[in-house]
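Working notes for the structure below.
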Amino acid sequence: MIKLTRELVDPIMVAAFEGWNDAGEAATLAVEHLSREWDARELCALTPDDYYDFQVTRPRMSVVDGLVGKVEWPTTRVALATPPGAGRDVVLVSGPEPNMRWRSYTADLLAIARQLGVERAVMLGSLLADAPHTRPIPVTGIASPVELGDAHGLEPTTYSGPTGIVGVAHETFGEVGIETVSLWAAIPHYVAQPPCPKATLALLGWVEELLGTTVPLGDLPEEAVSWESNVNELTAEDEDISDYVRGLEEAKDTAELPEASGDAIAREFERYLRRRDDG
């Protein structure tokens with residue numbers, strides 16, 4: 001049972017999970033960024049023995065000055081943030097994807113959400129894709145109800161296949177009437193090593209949209225520019241990769257007709273102005 005000192009105000013849950021759901025660590029870094037910028041405080045953590053195989057997701061230890069520090073066990077932590085001027089609370093969830101008992105795990109998350117009065121959940125994820133690093137990071141997703149995604153101009157995913165804990169949590173929350181949105185940022189597969197600040201930035205833009213409040217971005221814009229510049233240098237050193245990237249760029253630009261691109265730019269600009277006006 002979580003002990004609160006006050007009733008939360010219109011709380012929204014934002015969750016991300018390490019591992020299969022988190023290419024380039026873009027999703028978990030987004031939640032870490034929010035936690036840091038909004039000075040979140042931990043509310044609770046799930047019991048790690050129930051959901052993790054410690055031979056797969058191992059605990060961590062540290063040795064300082066010859067002394068063994070406290071062992072850090074893999075777990076899912078729930079924290080509370082109150083963004084300045086937002087007029088609402090944000091519940092932040094992060095941790096490794098569980099190794100077992102997924103239905104019990106998502107039931108526990110749902111119980112926490114209900115206790116805190118959460119009526120909307122935003123699940124963050126990132127995947128490897130044939131996406132050029134020189135173009136805006138595509139973000140697709142699903143919403144329950146579908147009208148929620150339509151209202152915010154979310155590009156619906158057409159994916160069918162194996163899912164991770166994000167997909168299972170989405171279904172669990174959506175089935176009981178909690179508005180749920182899952183967002184997926186597409187990481188260029190040829191530069192998959194973390195971090196990918198450009199993808200983290202893309203996810204945070206959608207978090208702003210769905211929370212209705214401005215997210216302080218800190219150094220992320222500069223880090224995203226530096227990341228793209230570094231990738232430009234790396235790809236320029238390999239003619240085959242350079243040709244491959246040019247092919248991806250041409251395919252991307254051809255697929256987005258000028259009319260469609262203009263509409264997309266207009267929608268994005270409207271979203272940007274609305275977020276800043278609300279802020």
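Computed from the coordinates by the stated procedures, all read-outs in this text should not be read as laboratory data. Computed from a predicted structure; not experimentally measured. We place every Cβ from the backbone using ideal geometry, glycine too, and count neighbours over all the protein chains shown.
Which whole-Hz ³J(HN,Hα) couplings does the stretch 248-255 yield from phi under the Karplus relation 6.51 cos²θ - 1.76 cosθ + 1.60, θ = phi - 60°, glycine and proline marked x?
Values per residue, Gly and Pro as x: 5, 4, 5, 5, 5, 5, 5, 5 Hz.
In a shell of Cβ-Cβ distance under 12 Å around Leu124, excluding Leu124 itself, what net charge do Lys and Arg (+1) and Asp and Glu (-1) give?
-4
Nearest 0.05, what FRET efficiency do Ile241 and Arg36 give at R0 = 41 Å with Cβ-Cβ as r?
Plugging the Cβ-Cβ distance into 1/(1 + (r/R0)^6) gives 0.75.
Non-local amide H neighbours of Ile187 (under 5 Å, H modeled in plane, Pro and chain starts lacking H): which ones?
Amide H neighbours of Ile187: Leu127, Leu128, Ala129.
Subtracting the Cα-Cα distance from 0.36 nm times the residue separation, let me have the gained length for Asp65 to Val146 in nm, one decimal.
23.6 nm is the gain from fully extending Asp65 to Val146.
So what J values fall out for the stretch 78-91 if you push phi through Karplus, 6.51 cos²θ - 1.76 cosθ + 1.60 with θ = phi - 60°, rounded to Hz, Gly and Pro as x?
10, 10, 10, 10, 10, x, x, x, 7, x, 7, 9, 10, 9
Pull up the cross-link candidates among the aspartates and glutamates for Lys198, meaning alpha carbon to alpha carbon under 13 Å and not fewer than 8 places away within one chain.
Glu25, Asp219, Glu222, Glu223, Glu228
Just report the Cα centroid separation between the stretch 148-180 and the stretch 183-224, whole Å.
Their Cα centres are 19 Å away from one another.
Pop out the ³J(HN,Hα) list for the stretch 27-33 in order, Karplus 6.51 cos²θ - 1.76 cosθ + 1.60 with θ = phi - 60°, rounded to Hz; leave Gly and Pro as x.
Karplus values, whole Hz, x for Gly and Pro: 6, 5, 5, 5, 5, 4, 4.
Counting only other residues whose beta carbon sits under 11 Å from that of Val71, what net charge do I get with K and R as +1, D and E as -1?
+2
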